[in-house]
Amino acid sequence: MDPGRLLFVLLQYLLPQHLVTAVVHWLARIEQPAVRRALIRGFSRLYAINLDEAAEPDAEGYRSFNAFFTRALRPGARPLGGGPLALASPCDGTVSERGSIDGERLLQAQLAAKSRWYTLEELLGGRERALPFVGGEFATIYLAPYNYHRVHMPLAGTLTGVEYVPGALFSVNGATAATVPRLFARNERVICSFDTAAGPLAVVFVGALNVGSIGLVGYGDLTPRRPRTALSLPPPSPPPHFLKGAELGRFNMGSTVILLLGRDAVAFLPRFVAGASVRMGEVIGECRGR
């Protein structure tokens, strides 16, 4: 690793990650016009943001930088392809890794000399929650700052539980994933579990440095939390059913989504590989019904 990237990773061990993130959380929600405009214009120039797909195409229409960052898509911008068992990408982003779960291990990063792994139990915060996915399939998608930041259902499913697992807030970009052991299992995360026509499905929202909060439909913002202790949030009664493509939640800055499916539940498409760019709604695999 080059010295610049190594320094970036080392600094994250020294930074007060939650304090820095709290400052970003506050700054992103300032509605004062001069601050709001400066943040939105600077970010738009830096990342060449295109608002053609946005429900609100005028940058002046957003009350804060966070509202701009988590902007909705206009209706019809992302038509869903395939049939009921076609697995849709839950978000825009870049595929970090995808493949079969090796027993209970998930690949974090493939390096020249070695690979980094972490376990289902570490990721999901419990042995019982890990069991349905042993030997199954996973996909890790990284959302860069310029991506659309709402997360949608990859399949129709009924919510069976939500778990908040506290943790660190390392960056989740490629340099950090290649360097920090068990990155996705040590960062703060929110785990949504579903029952679907293809069996159990988990959508894992992984927090990161400067991710001011993770919000879920029906629950509001689940992070930041005080105190930062593990929490189980059972679904309301009756449990909500989400259609494929329905909005599930959002990141209030960039981060990572991990999909988990059971053994033999899905065959990913050949083009859905590490390094590929994906857009929310596009078909990334074909599931097998139960």
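Filtered by the rule that a residue be farther than 28 Å from ARG29 by Cα and either of a type in the set (Lys, Arg) or at pLDDT 95 or above (or both), the stretch 66-96 gives LEU85, ALA86, LEU87, ALA88, SER89, VAL95. Being assigned to a helix (DSSP H, G or I), surrounded by 15 or more Cβ atoms within 10 Å (Cβ to Cβ) and more than 18 Å from the chain's Cα centre (by Cα) is a property that holds for ALA130.
Pairing residues of the stretch 185-204 that are in the same structural domain as ALA230 (by TED's automatic domain parsing) with residues that are of a type in the set (Asp, Glu) and in a strand (DSSP E or B), at Cβ distances under 6 Å and at least 6 apart in sequence or on separate chains, gives ILE191/GLU163. Starting from the stretch 25-38, keep only residues that are assigned by TED's automatic domain parsing to the domain that holds ASN210, then list their pairs with residues that are modelled with pLDDT of 95 or more and surrounded by 12 or more Cβ atoms within 10 Å (Cβ to Cβ) whose Cβ atoms are within a distance under 7 Å, requiring at least 6 positions of separation or different chains. Close Cβ pairs satisfying both conditions: none exist. Determine if the stretch 248-263 includes at least one residue that is within 28 Å of PRO75 (Cα to Cα) and without any contact (Cβ under 8 Å) to a residue 12 or more places away in the chain. Taking every residue of the stretch 248-263 in turn, none turns out to be within 28 Å of PRO75 (Cα to Cα) and without any contact (Cβ under 8 Å) to a residue 12 or more places away in the chain. Pairs meeting the criteria (first residue in the stretch 216-230 and under 16 Å from CYS192 (Cβ atoms) and in the same structural domain as PRO166 (by TED's automatic domain parsing), second residue charged (D, E, K, R) and at pLDDT 80 or above, beta carbons under 6 Å, at least 6 apart or on different chains) are VAL217/GLU247. Looking only at the stretch 138-161, decide whether some residue is assigned to a helix (DSSP H, G or I) and in contact (Cβ under 8 Å) with a residue 40 or more places away in the chain. No.
Report, by residue number, each residue of the stretch 60-85 that is of a type in the set (Gly, Ala, Ser) and either without any contact (Cβ under 8 Å) to a residue 40 or more places away in the chain or surrounded by 19 or more Cβ atoms within 10 Å (Cβ to Cβ) (or both). Lay out the reasoning, then the answer.
Restricting attention to the stretch 60-85, the residues satisfying the condition of being of a type in the set (Gly, Ala, Ser) are 61, 64, 67, 72, 76-77, 81-83.
Scanning the stretch 60-85 gives GLY61, SER64, ALA67, GLY76, ALA77, GLY83.
Condition (residue is among the hydroxyl-bearing types (Ser, Thr, Tyr) and either modelled with pLDDT of 95 or more or crowded, with 18+ Cβ neighbours inside 10 Å (or both)) applied to the stretch 97-117: is it met by at least one residue? Scanning the stretch 97-117 turns up no residue that is among the hydroxyl-bearing types (Ser, Thr, Tyr) and either modelled with pLDDT of 95 or more or crowded, with 18+ Cβ neighbours inside 10 Å (or both).
Every condition in (1) crowded, with 18+ Cβ neighbours inside 10 Å; (2) within 25 Å of ARG41 (Cβ to Cβ); (3) not assigned by TED's automatic domain parsing to the domain that holds PHE205 is met by ASP92 except one, and the failing one is (3).
Scanning the stretch 177-194 finds one or more residues that are assigned to a loop (DSSP other than H, G, I, E, B), basic (Lys, Arg) and touching a helix residue (DSSP H, G or I) at 6+ places or on another chain (Cβ under 8 Å). Counting only residues that are in a helix (DSSP H, G or I) and over 18 Å from GLY215 (Cβ atoms), the stretch 35-72 holds 16 of them.
The values are calculated or read from the model by the stated rules, or taken from the named source; none is laboratory data. The model shown is predicted, which means the values in this text are computed figures rather than measured ones. Quick reminder, even Gly has a Cβ in these numbers, built from the backbone with ideal geometry, and neighbours come from all protein chains shown.
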